[in-house]
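For reference, the structure is listed below as structure tokens.
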Amino acid sequence: MRVELRARVRAALLRLDEHDREVLALWYLEELSTEEIAAVIGLTESGVRSRHRRALERIAPLLRDAPQEP
């Protein structure tokens, strides 16, 4: 189950644009704070929060539509 979920998330991430992938990776994989992400990618903290929210909105349908194995 976990392997399948990881594969689905990975496939969905690859369908996002680079900016969306970057903010999600820094937020969830690197576990950086909003302040740290802002410094890394050159945005304000509110810009990071906006980009994060939009990235989540874009990945959600990709995860819902991803084929699931029985």
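Read-outs throughout are calculated quantities, based only on the coordinates presented, and are distinct from any laboratory measurement. Just so we're clear, the structure is a prediction, and the values are computed from it rather than from any experiment. Reconstructed Cβ throughout: ideal geometry from the backbone, glycine too, with neighbour counts over all protein chains shown.
Points to keep in mind about this one:
- Only one entry of Glu35, Glu30 meets the criterion of being within 20 Å of Arg2 (Cα to Cα), surrounded by fewer than 16 Cβ atoms within 10 Å (Cβ to Cβ) and in contact with a helix residue (DSSP H, G or I) (Cβ under 9 Å, 6 or more places away or on another chain), and that entry is Glu30.
- Filter result (acidic (Asp, Glu) and in a helix (DSSP H, G or I)) within region 23-68: Glu35, Glu36, Glu45, Glu57, Asp65
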